[in-house]
1. For segment 174-183, how many residues are out of contact with any Pro (no Cβ under 6 Å at 6 or more places or on another chain) and either closer than 14 Å to residue 136 by Cβ or surrounded by 20 or more Cβ atoms within 10 Å (Cβ to Cβ) (or both)?
2. Select the strands (runs of 3 or more DSSP E) contained entirely in segment 595-697, then report the ones holding at least 2 residues which are among the acidic types (Asp, Glu).
3. Tell me whether segment 139-151 contains one or more residues that are surrounded by 15 or more Cβ atoms within 10 Å (Cβ to Cβ) and at pLDDT below 90.
4. Here is a list of conditions, (1) surrounded by 14 or more Cβ atoms within 10 Å (Cβ to Cβ); (2) closer than 27 Å to residue 376 by Cα; (3) at pLDDT below 95, and residue 501 meets all of them except one; can you say which number that is?
5. Looking for whichever is touching a Pro at 6+ places or on another chain (Cβ under 9 Å) and closer than 30 Å to residue 343 by Cα here; the options are 481, 530, 493. Which one fits?
6. Taking the condition of being over 19 Å from residue 643 (Cα atoms), among the aliphatic types (A, V, I, L, M) and either touching a residue at least 40 places away in the same chain (Cβ under 8 Å) or not assigned by TED's automatic domain parsing to the domain that holds residue 11 (or both), how many residues in segment 288-338 meet it?
7. Is it the case, given these coordinates, that residue 481 is basic (Lys, Arg), buried (at least 20 other Cβ atoms within 10 Å of the Cβ) and in a helix (DSSP H, G or I)?
Amino acid sequence: MSRRRILVTSALPYANGHIHIGHLVEYIQTDIWVRFQKLRGHRTIYICADDTHGTAIMIRARQEGRSEEEVIADMQRAHVRDFSGFDIAFDHYGSTHSEANRRVCEQIWKALNGAGLVFEKDVTQLYDPVEGVFLADRFVKGTCPRCGATDQYGDSCEKCGETYTAADLIDPVSTLSGARPEVRTAPHKFVDIEKLHDFLEEWTQSGDHLQPEIANYLKGHFLKEPLRPWDVSRPAPYFGFEIPDFPGHYWYVWFDAPIGYIGSTLEWCEKTGEDFDRWWRDPQTEIHHFIGKDITYFHTLFWPAMLKVSGFTLPRKIHIHGFLTVDHQKMSKRRGTFILASTYLKHLDPAYLRYYYATKLTPRVDDLDLGLKEFVQRVNSDLVGKVVNLASRAARFVQGERLSAQYPDDGGLFAHAAGLAEEIAELYERCDYSAAMREIMLLADNANRFVEERQPWVIAKDSQRSDELRDVCSVALNLFRQLAIFLAPVLPRLAQQTAELLHAPIERWEQAQTPLTGTPVGRFEHMMKRVQLSQVQAMIEDSKAPESEATTGRGGETNADPSAATADEAATDGSQDSGEWLEKEPLAETCTFEDFMKVDLRVARVVAAEDVTESNKLLRLTLSLGGDRRLNVFAGIKGVYDPEQLVGRLVICCANLAPRKMRFGVSEGMVLAAGPGGKDIYLLYPDDGAQPGQRVH
């Protein structure tokens, strides 16, 4: 196997918020892949940084009476602490607010200008005359121009669902100062990426750079039309890098954030003496980005365009994952399921979450659910009951002694597992951790059956059978070590504990091919305890926000913060359990079983989603029922779900609804959702394992 050179990144966490369990899906996914590659002997580095620029940081610094540099430095320390607590091991963790990143930004900007892609155009925005800043939509409130609802934000009405611009609001007010905003015009710089349309279409649609559903989404949603110019500047005041040839204006945060991958690598190279060009200008280097599906657009169109023009290596693959729900609901401060990394670590072992996420992660863009009861059961059954229990049942009988000098007959168990090593490795390589965990747990079942059949606790009672006892325990501990090697990317602490117990470090994947013989066995130490549901419940209680903090509220620019899409900080009010909705919407008249069976409900996958520009409420969805069967459906969920967030999700649809001709086209079905309407709409979707086309019974 040839040694590869691999550079891996995760999306840069925004420096305006703490790490939570929604973010950790991505960083754990990436860390597992990096550890696997290193275990295989490949030259692999994991690069990340804090995303530090933008209006939100500037406003927060003002409110706290501190400099932006102080705010981002404090948050970076907190981020590094939380990542370390979950055994997420970066080779370098930098900041987009670094001189190295500024230098790379200037280099790429020069290349874009040299290619004739940059142009200037005036943009009209609302301006706060008191704070002296241009206002993003989220910093403006007023009266809805459609329904007259007061106290609505500048992008959409939470009462009627209407979407608009902040300038459309009646009696708009700045949420920063309470002043009435002014309408002002300022010049902005744009990048005309339409000139790279042919290149982007070829790159996204060829090779294995993207998952198929993402490539299809880009082709059907963006690349079928001219690409819109990209607004890459903001006028002062703004916290960021001032544009050298555009005084008083700053690069928009989404310009310099992905460049942080390169800037942070440059810092690492300068610190270690590595050759920077080998990592970002050598096509032999594989670059892998791990991101959430909410930032697909920036990473699959703008980012490749920037790299292409400036002569940097394009990504070998962009691995895109779905969002996290908890017990099939959005994360919520009110329910206590918006769990910070630091809160989790106060209550539970990080290995539990690393393993649970691994059992859920696949190569697809599907969302994954953290079922709290399932979490407890899976940890106790798999990690404690199958893996750690294997060591504890054998090690205590031979601690202080040595393993058998020759590996005993185990009925072919070790050889069987060794023969599956490449298959398991391929699953890790494809990011199909869920399938890898299933294979490994089947091997754990085999090993435990061996121990149960040989019963070392019975053999130990007969002093004449000490050699037999050593042989049985030697087999059990070797099978355990084999499992620990296969699980090492997911459970690095367990790998270290295993190395200490058996006086043999776990450093290479190939070590699973050869059993240990004659090595000393150390004193067995506790490795992992069973988790109690009460511990999880205590964590939930610890995460619940006070009533005043759990009400609906929205902040400023989200930048590259995955929490914008992985968590709903504005919690639902939880009062539905009281029965109030039955009073508002009484049950319909009784129908017969035959009437009900006429409705054909099916599992479907959203393969494309787009705005219906002529409508204030509708999104156009293309649903796959499996194979070539497609349905075109118009759903009244605009402003509630972003089209990009829906692609790849499973939904429930009525598949035999009579087609309905609308002025936008023909709707051939209906997706199922709950809620009273407006912004309170919640799509229904099936549990993991359901497949498109399956009937809902």
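The values are calculated or read from the model by the stated rules, or taken from the named source; none is laboratory data. Values in this document were obtained by computation on a predicted structure and should not be read as measured data. Note: ideal-geometry Cβ built from the backbone for every residue, glycine included; neighbour counts use all protein chains shown.
1. Qualifying residue count for the region: 2.
2. On the way: elements: 601-611, 619-624, 630-635, 650-654, 660-662, 665-667, 673-677, 680-683.
Counting at least 2 such residues, we get 601-611.
3. Looking through segment 139-151, at least one residue is surrounded by 15 or more Cβ atoms within 10 Å (Cβ to Cβ) and at pLDDT below 90.
4. Tallying (1) surrounded by 14 or more Cβ atoms within 10 Å (Cβ to Cβ); (2) closer than 27 Å to residue 376 by Cα; (3) at pLDDT below 95, residue 501 fails exactly one: (3).
5. It is 493.
6. 7
7. yes
Here is a yes/no grid of residues against (1) surrounded by fewer than 19 Cβ atoms within 10 Å (Cβ to Cβ); (2) in contact (Cβ under 8 Å) with a residue 40 or more places away in the chain; (3) out of contact with any Asp or Glu (no Cβ under 9 Å at 6 or more places or on another chain); (4) charged (D, E, K, R):
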| residue | (1), (2), (3), (4) |
| --- | --- |
| 587 | yes, no, yes, no |
| 592 | yes, no, yes, no |
| 618 | no, yes, no, no |
| 621 | no, yes, no, no |
| 628 | yes, no, yes, yes |
| 631 | no, no, no, no |
